[in-house]
Every structure is written in structure tokens, then in C-alpha cells.
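K.L.:
Structure provided below as C-alpha cells; questions to follow.
The values are calculated or read from the model by the stated rules, or taken from the named source; none is laboratory data. Predicted model only: the values in this text are computed from it and were never measured. FYI the Cβ positions are ideal-geometry reconstructions off the backbone, even for glycines, and counts take in every protein chain you see.
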Amino acid sequence: KTTARVIWGGYLGRSYEEKLLISISGDPGSSITLTFSYNSYYTNHVKYCCKGYFWLFCSTVARTDTQDSSSRFSVSDDKIQKTLTVKMNNLMETDTSYYWCAVEIDYWSNITKKT
């Protein structure tokens, strides 16, 4: 039986240590939906998901500030519940990979605020 195996990871906290890895398999043509909680500090930040083994070099597949209705990937941000919902539709074998969800921050202004 053919499946798509997806490894999801997330950096949705205040440090690289606050991460989560989840392994999911699905049949081709099926859908996967995952919901992640995030720190309230990031309520108004853009969240995104990307594909690739290394988070720093991954390719973006979905963002909360732009929605592509033709894409099989989507993310939605519930700012009240502080959750990010990720959906992958019509799974294919080629979707087998590592995926990451993260919060977009302005690194330099974040450092300035902390000093």
C-alpha cells in the first residue's frame, strides 16, 4: 500500500527549544489536518509552513497573510484560541517530507526590544 509520510515540526514558541515533531501517514488522495497552539506573544505575527529537512532552508508552502485557493496546503490562524490549523489536501507520494510551521519575526527589532 502506498502512503505519504509527513513529519511536521513547529517553532511556535519563544525559543528553538519550544518545538514539536509529529509523524503522520496518509493515503494518496486523503487529507491531513493538524492544529498547533502557540505562545500569546505571537498572536499578531504572521505564521507560515514550509517543506524541507532543514527549517532554515525550507520552501514555504502556506502563510497566514496570503492564501492561494489553488494550493493543496492551507494555514489558518485563530487569534482568540491561539492556534494554527494546517491542512494538506489530496495527499501525494511526493508530499513525503519534513514540514515546519513557524512564526515570522523581525529578528533585529526583537533583539532590540529585549536589551
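K.L.:
Which condition from (1) in a strand (DSSP E or B); (2) at pLDDT 90 or above is the one that Leu21 breaks?
P.N.:
(2)
K.L.:
Would you check which residues across segment 46-70 are in contact with a Phe, Trp or Tyr (Cβ under 9 Å, 6 or more places away or on another chain), surrounded by 12 or more Cβ atoms within 10 Å (Cβ to Cβ) and of a type outside the set (Phe, Trp, Tyr) and list them?
P.N.:
Lys47, Cys49, Cys50, Lys51, Gly52, Cys58, Thr60, Val61, Ala62, Arg63, Thr64, listed by residue number.
Results for (1) in a strand (DSSP E or B); (2) among the charged types (D, E, K, R); (3) modelled with pLDDT of 90 or more; (4) touching a strand residue (DSSP E or B) at 6+ places or on another chain (Cβ under 6 Å), shown as yes or no for each residue.
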{"residue": "Thr35", "(1), (2), (3), (4)": "yes, no, no, yes"}
{"residue": "His45", "(1), (2), (3), (4)": "no, no, yes, yes"}
{"residue": "Cys49", "(1), (2), (3), (4)": "yes, no, no, yes"}
{"residue": "Tyr53", "(1), (2), (3), (4)": "no, no, no, yes"}
{"residue": "Gln67", "(1), (2), (3), (4)": "no, no, no, no"}
{"residue": "Ser70", "(1), (2), (3), (4)": "no, no, no, no"}
{"residue": "Thr85", "(1), (2), (3), (4)": "yes, no, yes, yes"}
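K.L.:
How about segment 72-83: which of its residues are under 15 Å from Val103 (Cα atoms) and assigned to a loop (DSSP other than H, G, I, E, B)?
P.N.:
Lys79, Lys82, listed by residue number.
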